[in-house]
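S.K.: Please read through the structure below; I'll follow up with questions.
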Amino acid sequence: MALIKLISLSLLLLSLPGYAEELVVVVNKDNAISALSKQEVIDIYMGRYVTFPDGKNAKPLDLPARSSLKNEFYLKLVNQNERKINAYWARLLFSGRAKPPVSMTSVNEVLGHLRVSEFTLAYIPESELIDAVKVVYRLDEN
Amino acid sequence: MLYRHIPLFIVVLVFMSGHAKADGLNIDFSGFATLNMSYSDNADVGFSSNYLNRSDTGFSLSRDSLLGGQANISMSHDWDAVVQGVYQDRSVKSFDNFLELGFVRYRPQRNWSIRAGRINSDIYLLSEYPHVGYAYLWARPPHAYYSFASTTGHYDGVDVEYNNQVGDGFLRIKLAVGETTPTLMASDEELSVTFDDLYTLSAVYLKDEWTFRAATSRSKISDFKSPPFNTLIDGLNSVPSNVWSQAAEFSHGFESQHHTINYSALGLTYDNFDWLIQTEIGTTTSDWMVAPSNISGYLSIGYRVNEVTYFGGMSVAKNKKDTTDVVTPELAYLPEQQQAAIRQLINNTEYAINRSVVDQKSFNLGAKWYYSDKVVLKVQADHFIIQPRGGALWDIDTSTDIETEHNVNLVSLSVSVVF
């Protein structure tokens, strides 16, 4: 009976939506921003504003094209897949409105930029958090 | 005229900034291109995707093909500049016709931006990126709506934009002032017209899958240079009113002074995971007989299946008023030579009036294949119906009968990239 309970509990844990690793939006610890709302993250990542809410420059970074993390980020943030995001950014870039987030090759490269720039904004798996950054938004928040 | 020098200044600034990169400027280069092969089946009616490009019939590789390059220059926290050039099959190949954007922008705070230089007009849904095939659904922007619109696709001047969250959506409001002088070919003659004191007020509201757009603009017509029209106007001015009473009325209608054009447009886009629906309607009010009042619009419906979006749509453009009838006066009392000259002038006037009439509709079907992150492929078939005397958006030879309906079938295959 105890074995059945243990197996059931394990299956339940595996089936929970939260079992997949959570994505978090982070900035350098020296950035004065302590938290961002979902709308404020959308504003920056979708090129509506080029600054944080306090008026400081924002330099958003993207994870590699066609990576599952990038796809998951945009699906959760604006319910759009990468194909639509690419077309969206072609419109914004060539209308002269804004430049897209700078694409990185890996989470490590993202962390490297976060360490040295207080203007950088990025999304990473929660397990990759380091002391030099702080979480300003969790993708699973509503 | 003041505004016309601004784009040149911006281009010089960009070249200077290339040498000043070490001083902290940041410059990013990017580009876009479309290679389009199309076939138009009506040998009597020349097609061009917009007013500024060369018209032709039959097979063409140049009809909708283009190459664009852009430099984004960040100068400081709140100053930047953008320069964009697009090489395409312009009927008049001048630097002015290839420079699409060239502005400096100042953002005094988060919600405000001010631009000066060559600016995209922001009147239509696609007016900020009409050349970036990768970014929209069709092989080209809908012809009935965007063909004449190309003449005011950009202008030299200043705009001020305010944006902010409103309710659950995002609102952008823009006020712009400037001027533009498009140069094109008509009946193998170069033609240019200046849209002066061009004021535009536009608003865009974005909410989830929806985009709403409204815009209105007003401009004065000035400095109209067209040898055939100028000759016609001179001829009309030389006819005494007691010989042909309508001559002065038509002369006034064709000349560029004292005319204004008002334009208003509404646009709507619904874009969710499966469906992409776009529609626009625009109305022009004008007392200038070269570009009389008209109404145009289109509806396009696309449905996504994996990497392919299938689409279909229709568009319409039509003059709002019937043209003024040309009444031939009694000329028998005049010497035969004068009679012949005035009859020729009347014929030319009637032809000019009829060639300014827009009355057409079109239907299209096609597919856009998202091949990779940087490449899309498109196939599209269009069927155009041009009503009798309704071919103002088309290049129709003077020997072709414009009193009958013309049909044009156009098939396009294209690849668009961004880089």
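The values are calculated or read from the model by the stated rules, or taken from the named source; none is laboratory data. Not measured: the values here are computed from a predicted model. Note: ideal-geometry Cβ built from the backbone for every residue, glycine included; neighbour counts use all protein chains shown. Quick note on the areas: whole protein, heavy atoms, side chains included, nothing else; ligands and nucleic acids left out. Shrake-Rupley method; radii C 1.70, N 1.55, O 1.52, S 1.80 Å.
S.K.: Over all residues in A:94-104, what is the mean tally of Cβ atoms on other chains that come within 10 Å of each residue's Cβ? Mind showing how you got there, number by number?
M.R.: On the way: counts 19, 12, 18, 8, 2, 7, 2, 0, 1, 1, 0.
Taking all residues of A:94-104 together, the mean is 6.
S.K.: Which of the trypsin sites (Lys or Arg not before Pro) across the range A:60-134 are loop residues per DSSP, with 11 or fewer other Cβ within 10 Å?
M.R.: On the way: sites: A:Arg66, A:Lys70, A:Lys76, A:Arg83, A:Lys84, A:Arg91, A:Arg97, A:Arg115, A:Lys134; in loops: A:Arg66, A:Arg97.
Within the range A:60-134, the qualifying trypsin sites (Lys or Arg not before Pro) (loop, at most 11 other Cβ atoms within 10 Å) are A:Arg66.
S.K.: Give me the 1.4 Å probe accessible area per residue for the protein assembly as shown, excluding ligands and nucleic acids, in Å². Please list the in-between numbers first.
M.R.: Details: 25570 Å² over 561 residues.
Per residue, the protein assembly as shown has 46 Å² of solvent-accessible surface.
S.K.: Here's another thing I want to ask about it. Which value, in Å² rounded to 10, gives the accessible area of B:Ser293 with a 1.4 Å probe and all protein chains present?
M.R.: Counting only protein heavy atoms, the figure is 10 Å².
S.K.: Calculate how steeply helix B:336-354 sits against the longest principal axis of the alpha-carbon atoms of chain B, using the helix alpha-carbon long axis, and give the answer as 0 to 90 degrees to the nearest 10.
M.R.: 30
S.K.: Something else now. For n ≥ 4 DSSP H runs only, could you compute -39500 (n - 2.57) per run for chain B, divide by its residues and tell me the 222 nm figure to the nearest 500? Before the final figure, lay out each step's value.
M.R.: On the way: 6 runs with 60 residues, N = 419.
Calculated at 222 nm, the ellipticity per residue is -4000 deg cm²/dmol.
S.K.: Helix B:227-237: angle to the longest alpha-carbon principal axis of chain B, degrees 0 to 90, nearest 10?
M.R.: 40
S.K.: Now for a separate question. Using a 1.4 Å probe and counting only protein heavy atoms, how much accessible surface gets buried when B and A come together, both sides summed, in Å² to the nearest 100?
M.R.: Details: alone 20030 and 8580 Å², together 25570 Å².
The B and A chains share an interface burying roughly 3000 Å².
S.K.: Here is a further query. Can you spot the lysines whose alpha carbon is less than 20 Å from B:Lys361's alpha carbon? Ignore those fewer than 8 places along the same chain.
M.R.: Correct list for B:Lys361: B:Lys318, B:Lys320, B:Lys321.
S.K.: Would you kindly derive the ³J(HN,Hα) couplings of the range B:121-126 from the backbone phi angles with the Karplus curve 6.51 cos²θ - 1.76 cosθ + 1.60 (θ = phi - 60°), listing them in order in whole Hz, with x for Gly and Pro?
M.R.: My calculation for the range B:121-126 gives 6, 6, 8, 10, 4, 9 Hz in order.
S.K.: Solvent-accessible area of B:Leu365, probe 1.4 Å, all protein chains present, reported in Å² to the nearest ten, please.
M.R.: 120
S.K.: For the protein assembly as shown, give the magnitude of the charge dipole about the Cα centre (Cβ charges: +1 Lys/Arg, -1 Asp/Glu; no others), in debye to the nearest 20. Don't jump to the answer; show the numbers that get you there.
M.R.: Numbers: 47 positive and 63 negative charges, 309 e Å.
With only Lys, Arg, Asp and Glu charged at Cβ, the dipole is about 1480 debye.
S.K.: To continue, here is another question. Order B:Ile173, A:Ile124, most accessible first, counting only protein heavy atoms with a 1.4 angstrom probe. Present the calculation step by step, with values, prior to reporting the outcome.
M.R.: Numbers: B:Ile173 70, A:Ile124 0 Å².
Final ranking, largest accessible area leading: B:Ile173, A:Ile124.
S.K.: Oh, and also: Using protein chains only and a probe of 1.4 angstrom, how many square angstrom of B:Phe419 are accessible, to the nearest 10?
M.R.: Surface open to solvent at B:Phe419 totals about 130 Å².
S.K.: Okay, next question. Arrange the residues A:Met104, B:Met185 by how much accessible surface each exposes, largest first, with a 1.4 angstrom probe. Present the calculation step by step, with values, prior to reporting the outcome.
M.R.: Numbers: A:Met104 10, B:Met185 80 Å².
Descending order: B:Met185, A:Met104.
S.K.: Other chains near A:76-87: what is the mean number of their Cβ atoms within 10 Å of each residue's Cβ?
M.R.: Details: counts 0, 0, 1, 4, 4, 3, 2, 8, 6, 1, 8, 11.
Counting Cβ atoms of other protein chains within 10 Å of each residue's Cβ and averaging gives 4.
S.K.: Using the alpha-carbon centroid of each, what span in Å lies between the range B:310-367 and the range B:229-250?
M.R.: 17
S.K.: Give me, ordered by chain and number, the residues 5 or more places off B:Asn42 or on other chains with an amide H under 5 Å from its own placed amide H.
M.R.: Residues meeting the criterion, in which the H sits 1.01 Å from N, are B:Gly58, B:Asn409.
S.K.: Now, a different point. Determine ³J(HN,Hα), in whole Hz, for all residues of the range B:132-149 in sequence, where each value follows from phi through the Karplus function 6.51 cos²θ - 1.76 cosθ + 1.60 and θ = phi - 60°; x replaces Gly and Pro.
M.R.: 9, x, 4, 8, 10, 7, 8, 5, 7, x, x, 4, 4, 9, 9, 5, 6, 4
S.K.: Also, I was wondering about something else. To make sure I understand the rule: partners must be lysines, Cα under 21 Å from the Cα of A:Lys38, and not fewer than 8 residues away in the same chain. Which ones qualify?
M.R.: Those lysines meeting the cut-off are A:Lys29, A:Lys56, A:Lys59, A:Lys70, A:Lys76, A:Lys84, A:Lys99, A:Lys134, B:Lys207.
S.K.: Nearest 10 degrees is fine. How inclined is helix A:68-78 to the longest principal axis of chain A, computing both from alpha carbons?
M.R.: It is inclined by approximately 70 degrees.
S.K.: Please report the carbon-and-sulfur percent of the accessible area for chain B; probe 1.4 Å, protein heavy atoms only, DNA, RNA and ligands left out. Write out the running numbers ahead of the final one.
M.R.: Details: 10950 of 18610 Å².
The computed percentage sits at 59.
S.K.: Taking amide hydrogens as modeled 1.01 Å from N in the peptide plane, which residues meet the under 5 Å criterion relative to B:His77, leaving out close sequence neighbours?
M.R.: none
S.K.: While we're here: Using the Karplus equation 6.51 cos²θ - 1.76 cosθ + 1.60 (θ = phi - 60°), what ³J(HN,Hα) coupling, rounded to whole Hz, does each residue of the range B:238-252 give in order, writing x for Gly and Pro?
M.R.: Each residue of the range B:238-252 in turn: 8, 8, x, 5, 6, 8, 9, 5, 7, 4, 5, 4, 6, 4, 4 Hz.
S.K.: Before anything else, pin down the relative contact order of the range B:265-367: Cα pairs under 8 Å, at least 6 apart, normalised by residue count, whole percent.
M.R.: Relative CO of the range B:265-367 lands at 26 percent.
S.K.: Report the far tail of the P(r) of the protein assembly as shown, meaning the percent of Cα-Cα pairs longer than 47 Å. Before the final figure, lay out the partial values.
M.R.: Values: 33800 of 157080 pairs.
Every Cα pair in the protein assembly as shown considered, those over 47 Å come to 22 percent.
S.K.: Shifting gears a bit: Between the DSSP loop rule and a limit of at most 14 other Cβ atoms within 10 Å, which chymotrypsin sites (Phe, Trp or Tyr not before Pro) in the range B:225-319 are left? Walk me through the numbers before you get to the answer.
M.R.: Details: sites: B:Phe229, B:Trp244, B:Phe250, B:Phe254, B:Tyr263, B:Tyr270, B:Phe273, B:Trp275, B:Trp288, B:Tyr298, B:Tyr303, B:Tyr310, B:Phe311; in loops: B:Trp244, B:Phe273, B:Trp288.
Within the range B:225-319, the qualifying chymotrypsin sites (Phe, Trp or Tyr not before Pro) (loop, at most 14 other Cβ atoms within 10 Å) are B:Phe273.
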